[in-house]
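What follows is a single structure, written as C-alpha cells, with notes after it.
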Amino acid sequence: MQTYGYVRVSSVDQNEDRQLAAMNEIGVCETHLFAEKQSGKDFQRPEYQKLVSGLQPGDLLYIKSIDRLGRNYREIQDQWRFITKDIGADIAVLDLPLLDTRQGKDLMGTFIADLVLQILSFVAQSERENIIKRQAEGIAAAKAKGVRFGRPAIARPDGFGGLVQRWERKEVILPEVLALCNMSETTFYRRLREYRIASKK
C-alpha cells in the first residue's frame with residue numbers, strides 16, 4: 001500500500017501551506033505529494049491526472065477537505081466512485097474523519113459516508129456558483145462606475161494619418177508601420193478603421 005496526498009488551490013496568489021503542513025504532519029512523503037494551482041471546476045488538471053493514473057488497489061489518498069478535490073457536484077462523486085470502486089484505493093478527508101473509506105465499510109457506514117459526500121459535494125458546487133455570481137456582480141458594478149478591464153487601449157500616435165498615407169503609397173512597409181506605431185497588426189487595422197470613419201465625419 002502506498003500513501004498519497006493531493007493539494008490544490010484555485011489561483012497563483014493563493015497559499016497552499018496549510019494543506020502542505022497537514023500532509024507533512026500525517027507523514028505523506030514528498031515524492032507522493034501532488035500539488036497544483038488549478039480551478040476546481042473540473043478534473044482536467046495535470047497533477048491530479050498524474051496522481052490518479054498511478055493509484056493502485058489498496059493505496060490511500062489524503063485530501064484536506066472535499067472542495068480541494070473539486071467543486072463540481074457530479075464530478076466529485078464520479079471521481080470518488082472511480083478511485084474507491086474502480087481502482088480500489090481509499091480516500092481520507094482530513095477535515096472530516098467521517099469521510100474515510102477505510103472506516104465503516106459495512107452497509108450503514110457506506111450509506112452515511114455516501115450521504116455526507118453528496119451533501120458536501122453539493123455545498124462545494126454551490127459555493128463555486130456563488131463565487132462566479134459574486135465575481136460577475138462585482139465586474140458589472142465596476143463597469144457601471146467606469147472601470148475598464150483588460151489591457152489599456154493603444155491610442156493612435158501623433159502623425160498616424162501621415163503614416164497611413166505613406167503606407168498606402170507603399171513608401172513604408174507594414175512591419176515598419178507597426179513598429180513606429182508600437183501596435184500589433186490587429187490593433188493597427190482596428191485603429192485604421194476608426195481613423196477612416198472619423199475622417200469621413
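Springs between alpha-carbon pairs under 10 angstrom, Gaussian network model over the chain: which of PHE34, PHE43, PHE160 fluctuates most? Highest fluctuation of the listed residues: PHE160.
Determine, for VAL93, VAL147, VAL116, VAL177, the number of other Cβ atoms within 10 Å of each Cβ, and report the residues in order from fewest to most. Let's see the in-between values first.
Details: VAL93 22, VAL147 10, VAL116 15, VAL177 18.
Listing VAL93, VAL147, VAL116, VAL177 from fewest to most nearby Cβ atoms yields VAL147, VAL116, VAL177, VAL93.
Calculated [222 nm] ellipticity per residue, helices only, for the chain: -16000 deg cm²/dmol; basis is -39500 (n - 2.57) per DSSP H run with n ≥ 4, divided by all residues, nearest 500. Label positions at LEU98 and ALA140, each projected 7 Å from the Cα along the C-beta direction, are separated by 3.6 nm.
Find out how many positive minus negative residues lie around ALA140, taking Lys and Arg as positive, Asp and Glu as negative, among other residues whose Cβ is under 13 Å from that of ALA140. Charge balance near ALA140 sits at +3.
As a rough footprinting exposure proxy, the listed residues CYS29, CYS181 were ranked by other beta carbons within 10 Å of their own, and the order from fewest upward is CYS29, CYS181.
Residues MET1, MET183, MET23, arranged from fewest to most other Cβ atoms within 10 angstrom of their Cβ, appear as MET1, MET183, MET23.
Before anything else, pin down the relative contact order of the chain: Cα pairs under 8 Å, at least 6 apart, normalised by residue count, whole percent. It would help to have the intermediate numbers written out before the result.
Numbers: 213 pairs, mean separation 31.2, N = 201.
About 16 percent, as a whole number.
For the pair the stretch 29-104 / the stretch 161-175, the C-alpha centres are spaced 60 Å from each other. Near ALA22, once Lys and Arg are set to +1 and Asp and Glu to -1 for all other residues with Cβ below 12 Å from its Cβ, the sum equals -1. Charge dipole of the chain (Cα centre as origin; +1 on each Lys and Arg Cβ, -1 on each Asp and Glu Cβ, all else neutral): 1680 debye, rounded to the nearest 20.
Partner aspartates and glutamates whose Cα lies under 17 Å from the Cα of LYS145, excluding those fewer than 8 positions away in the same chain, are identified as GLU137.
Nearest-5 percent of antiparallel DSSP beta bridges in the chain?
Numbers: 1 of 14 bridges.
So the antiparallel bridges amount to about 5 percent of the total.
Do any GluC sites (Glu not before Pro) in the stretch 114-201 lie in a loop, going by DSSP, with at most 15 other beta-carbon atoms within 10 Å of their beta carbon, and if so which? Within the stretch 114-201, the qualifying GluC sites (Glu not before Pro) (loop, at most 15 other Cβ atoms within 10 Å) are GLU171. GNM, the chain, Cα, under 10 Å: largest mean-square fluctuation among LEU178, LEU94, LEU115? Of the options given, LEU178 has the highest mean-square fluctuation. For the chain, the Cα gyration tensor yields ellipsoid semi-axes of 55, 20, 14 Å (square root of five times each eigenvalue, largest first, whole Å). Cut-off under 18 Å on the C-alpha distance; same-chain residues fewer than 8 positions from LYS85 excluded. Which lysines are left, in chain and number order? Cross-link targets: LYS105. Most fluctuating residue of GLY146, GLY159, GLY54 in a GNM of the chain with Cα springs under 10 Å: which is it? Checking each option, the largest mean-square fluctuation is seen for GLY159.
Read the figures in this text as sums done on the coordinates, not as results from a lab. As the structure is a computational prediction, the values presented were derived from the model and not from experiment. Backbone-built Cβ (ideal geometry, glycine too); neighbour counts: all protein chains shown.
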